[in-house]
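Data first, discussion second: the structure below is written as structure tokens.
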Amino acid sequence: MLGKGKKGKTVSAKVDTIIGQQSRIEGDLHFSGGLHIDGRVSGNVIAEGESGSVLTVSEHGNIEGNVQVPNVILNGTVTGNVHSEERIELAANARVNGDVHYNLIEMSMGAEVNGSLVHQQESSTSVVSFERDQSGGGSGSD
């Protein structure tokens with residue numbers, strides 16, 4: 001799981017909502033906190049509010065739609081794009097048929113991404129820019 005034996009940010013795996021293996025949700029799903037999916041969701045899965053939200057999709061879970069959640073633990077299938085602002089873990093049975101936008105990624109052997117991996121910096125990361133003095137004539141010596 002996330003944060004287990006690793007340095008850096010750890011993610012609480014507290015589950016507030018469970019979608020059981022025999023359940024099917026049709027339409028967009030908005031949540032905050034922890035969401036565990038064993039069933040099927042036909043629609044987008046979007047975390048609202050707090051930035052510590054966690055989505056866990058088991059090997060039985062299936063999402064047909066885009067995912068926009070800060071922390072994702074995926075061992076099932078997503079048919080759509082995944083946007084994870086903080087961290088994503090792709091377990092051995094993970095299948096993504098779409099692009100994965102991530103800040104930090106952990107990918108186990110056997111995980112599959114049929115799309116692009118797009119690295120995104122955290123919004124709080126500072127960016128250093130260097131400006132060249134164009135008035136000096138080019139040699140740089142005085």
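Remarks
- Checked against the criterion of being in a strand (DSSP E or B), small (Gly, Ala, Ser) and surrounded by fewer than 17 Cβ atoms within 10 Å (Cβ to Cβ), the range 98-113 has no qualifying residue.
- Unique residue being at pLDDT 95 or above and buried (at least 21 other Cβ atoms within 10 Å of the Cβ) when the list is Val118, Val57: Val57
- Options Ile73, Ile63: the member that is at pLDDT 95 or above, farther than 15 Å from Gly98 by Cβ, assigned to a strand (DSSP E or B) and not aromatic (Phe, Trp, Tyr): Ile73
- Residues within the range 32-45 that are buried (at least 18 other Cβ atoms within 10 Å of the Cβ) and within 28 Å of Gln121 (Cα to Cα), tallied: 5
- Just one of the listed residues (Glu64, Glu89) is over 21 Å from Gly110 (Cβ atoms), within 16 Å of the chain's Cα centre (by Cα) and surrounded by 15 or more Cβ atoms within 10 Å (Cβ to Cβ), and it is Glu64.
- Residue count, the range 18-44 (criterion: in a strand (DSSP E or B) and more than 15 Å from Thr56 (Cα to Cα)): 4
The values are calculated or read from the model by the stated rules, or taken from the named source; none is laboratory data. In this text, all values refer to a predicted model and were calculated from it rather than measured experimentally. Note that each Cβ is placed from the backbone with ideal geometry, even for glycine, and that neighbours are counted across all protein chains shown.
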